[in-house]
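None of the figures in this text is laboratory data; all of them are computed from the coordinates on show. Everything numeric here is computed off the predicted structure, so don't read it as measured data. Neighbour counts run over all protein chains shown; Cβ positions are idealised from the backbone, glycine included.
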Amino acid sequence: MAQAKDTHKWTPQETRRLIHFRATRDNEFLKSKMIARKQWELFLEEMGVEGKVTRQQASKKWENLKKKYKARSITERALDWR
């Protein structure tokens, strides 16, 4: 696999496509690590970012988005308690 540069800046459109891709294929990603790897490779191919982004970077982006969502959700619920 080609080494991707670690300087790729995700556009809002790419991020939305990542969220949509990952959410609509949740069952596939949960089957096995090998299938999940293939799904990330498919995503990179569909996005045309092969060589710019690795499957590991796409996966990390997804994990970071989930963390941000959870943190924001917790913060918003805490504010509602006031």
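Key figures for this structure:
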read-out	value
Farthest positive-ward along the stretch 12-80 dipole, Cα basis, beta-carbon charges - from Leu65, Leu44, Thr15	Leu65
Under 25 Å, Cα to Cα: Lys pairs in the stretch 12-80, sequence gap 8 or more or different chains	26
Size of electric dipole in the stretch 12-80: Cβ of Lys, Arg +1 and of Asp, Glu -1, about Cα centre, debye, nearest 20	260
Debye-sum result for the stretch 12-80 in log10 I(q)/I(0), which assumes one identical scatterer on each alpha carbon, at q = 0.14 Å⁻¹	-0.47
Ranked by how many other beta carbons lie within 10 Å on average, peptides 59-65, 30-36 from highest	59-65, 30-36
